[in-house]
Amino acid sequence: MTTEEKTKTKTLGKAAISLNGVGKKFSNTQVLEGISLDVSEGEIVALLGRSGCGKSTLLNIISGLLPFDQGTVSIEGVISKNYTDWHSIAYMFQEDRLLPWRSIIENVCLSLETGSSSFNERRQRAMKVLKIVGLEQVAHAWPYQLSGGMRSRAALARSLVINPSILLMDEPFSKLDPLTRSLMHTEVLRLQRERKVSVLLVTHDVEEAVVLADRIVVLAPSPGRVATIEPNQLSHPRVPTDPLVAEKIRQLRLKV
Amino acid sequence: MSIINQHWSLILQRLVLVSVFVIVWWLASLQMPAFILPGPQRVIEAVRRLFETPSFLNDVSATFRRVLLGFTLAMIVGATLGLLLGANKILARFFEPVLAVINTVSSAIWAIFAIIWFGISDATTVFVVFMTAMPLILTNVWQGVQTVDRQYIQLALSLRMSKLAILRKIVFPSILPYFFSSARLAFGFGWRVSLVAETIGASEGIGYRLRQAADLVQTDQVFAWTLLLVMMMLFIESSVLKPLEKRLFRWKATT
Ligand SMILES: Nc1ncnc2c1ncn2[C@@H]1O[C@H](COP(=O)(O)OP(=O)(O)OP(=O)(O)O)[C@@H](O)[C@H]1O
Ligand SMILES: [Mg+2]
């Protein structure tokens, strides 16, 4: 690689996640086919698509939890099976998966227990993120005592507490009321701005995709494949009532 | 307010139940000779005499020792084997018939085998308690392992937890309710069969005294021991098991 090329790739931003022709079969049905897609460092990419088109499957593949049949997945430029720094990737599942026998703060601490931090350090860090997602009041409650929206914010806290550099999120805000949701949007945008976190976010909400994402990927079903990749360069903050934003949302709705 | 009322009404109901029982017992005892059905006063008197017997504490502690030893061994072996069978399908399929066989053999048969193998000794009772309690715990833990939510395992894997950490942080807490309820059941069964074993394979202990009393047609003694046993079980249930359950499973929604 020449120096010129190096600077070029650098200015473009190294790919945090890079998928190349990824395909997946479940028994005999092809669920994903030829998925090629990059998420650059510090970029937010939204993944839209019908129910069952393979969005969660794709996140499972990227997170290294699910073996796949065709193509390659690279993370921070390393083929995923040689990748080692998994602790800097947070995966927020479609379900909250809070362990019922742990209090909310203990659930958040779970993410830190694979590291070397002390009990008190973990508690402090967990409490800090719980404040960010507005759950400090219920830090010591049991999961069953929380509403659906609170539970999903607890799951968000469990993902954020590790200070991830890559964040995979599967319909993270679908259970939140509009006000809390926009607070969480602000938080994700702040993480992107201040800490250059790369985000791949699955959503069914076109408006959410337009408000958050720098690029929007629309998947087509059976088998799941990339239908369109829509760049989105509107300036922040994006308010859905803004005519430019509203127009973008309208356009995109036609493509989903 | 209504909770307090409910509480008192429950206590009242229990008092009524006990009084009715004692009255019926007393009336019935008037119609029969004491060696068939001794009356309440006679039994109370027998309990008092039991407490005064020098060997009383020795008998009670002998039985407890055997039950606890058999039960503890059953918990350790049952939980370990249950985990192993739960983790390994091939192993499970291979050993499933063994479990079915063990489960169909009655405790009385184990007691007879125990006499043949161990004679009159602690080991006889311990063995019978173990053979009764262990399969119960094993089966439940095995079942518990199969119900561990795969989504939690996936979560743990996404956090790159070690196998040991997954076992400790996901699997154990998931199967704890199964383990606890089976242990409770097994303790109850183990306790009851220990008496059967002691009637034939011991020279001290509650079961042995029961048989002695029966042989001498001291029916009031038999009743006294029975009364004491019931009291002890109620005490263990309310002072150990119930509070423990409350504490271990406080994360469960109370509907
Ligand atoms: N473990 C599995 N075994 C077999 N088929 C599976 C498995 N997991 C998912 N599938 C199938 O793969 C397809 C994609 O599932 P996936 O959960 O990825 O969809 P999704 O896009 O996330 O849908 P939703 O928007 O409803 O969450 C579905 O048809 C599903 O039935
Ligand atoms: Mg999904």
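The values are calculated or read from the model by the stated rules, or taken from the named source; none is laboratory data. Note that the structure is predicted; figures quoted are calculated from it, not measured. Here the Cβ positions follow ideal geometry from the backbone for every residue, glycine too, while neighbour counts run over all protein chains shown. Only protein heavy atoms, including side chains, enter the accessible area calculation; ligands, DNA and RNA are left aside. Shrake-Rupley method; radii C 1.70, N 1.55, O 1.52, S 1.80 Å.
Residues in region A:74-109 that are free of Cβ contacts under 8 Å to residues at least 24 places away in the same chain, among the hydrophobic types (A, V, I, L, M, F, W, C) and under 26 Å from residue A:37 (Cα atoms) were compared, and the one that is farthest from the other protein chains (Cβ to nearest Cβ) is A:79.
Within region A:149-188, if we keep just the residues that are within 16 Å of ligand 1 (Cβ to nearest atom) and away from chain B (no Cβ under 13 Å), the residue that is farthest from the chain's Cα centre (by Cα) turns out to be A:175. Out of region B:166-219, which residues are acidic (Asp, Glu) and open to solvent by 20 Å² or more (accessible area, probe 1.4 Å)? Within region B:166-219, B:204, B:215 meet the criteria. Every listed requirement among (1) touching a residue at least 40 places away in the same chain (Cβ under 8 Å); (2) part of a helix (DSSP H, G or I); (3) open to solvent by 60 Å² or more (accessible area, probe 1.4 Å) is met by residue B:120 save one, (2).
The criterion of at least 3 residues that are over 15 Å from the mean Cα position of the chain (by Cα) and within 16 Å of ligand 2 (Cβ to nearest atom) is met by the following strands (runs of 3 or more DSSP E) wholly inside region A:14-80: A:29-40. Each residue in region A:70-124 was checked for being surrounded by fewer than 17 Cβ atoms within 10 Å (Cβ to Cβ) and of a type in the set (Lys, Arg), and 1 of them qualify.
Pick out the one residue from A:134, A:115 that is more than 13 Å from chain B (Cβ to nearest Cβ) and of a type in the set (Gly, Ala, Ser).
Numbers: A:115 fails: more than 13 Å from chain B (Cβ to nearest Cβ).
Just one listed residue meets the conditions, A:134.
Considering region B:177-255, the qualifying helices (runs of 4 or more DSSP H), each wholly inside and each with 2 or more residues that are more than 14 Å from chain A (Cβ to nearest Cβ) and touching a residue at least 12 places away in the same chain (Cβ under 8 Å), run over B:206-215, B:219-236.
Here is a yes/no grid of residues against (1) touching a residue at least 60 places away in the same chain (Cβ under 8 Å); (2) closer than 26 Å to residue B:233 by Cα; (3) part of a helix (DSSP H, G or I):
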position	(1), (2), (3)
B:38	yes, yes, no
B:45	yes, yes, yes
B:59	yes, yes, yes
B:79	yes, yes, yes
B:93	no, no, yes
B:96	no, no, yes
B:100	no, no, yes
B:103	no, yes, yes
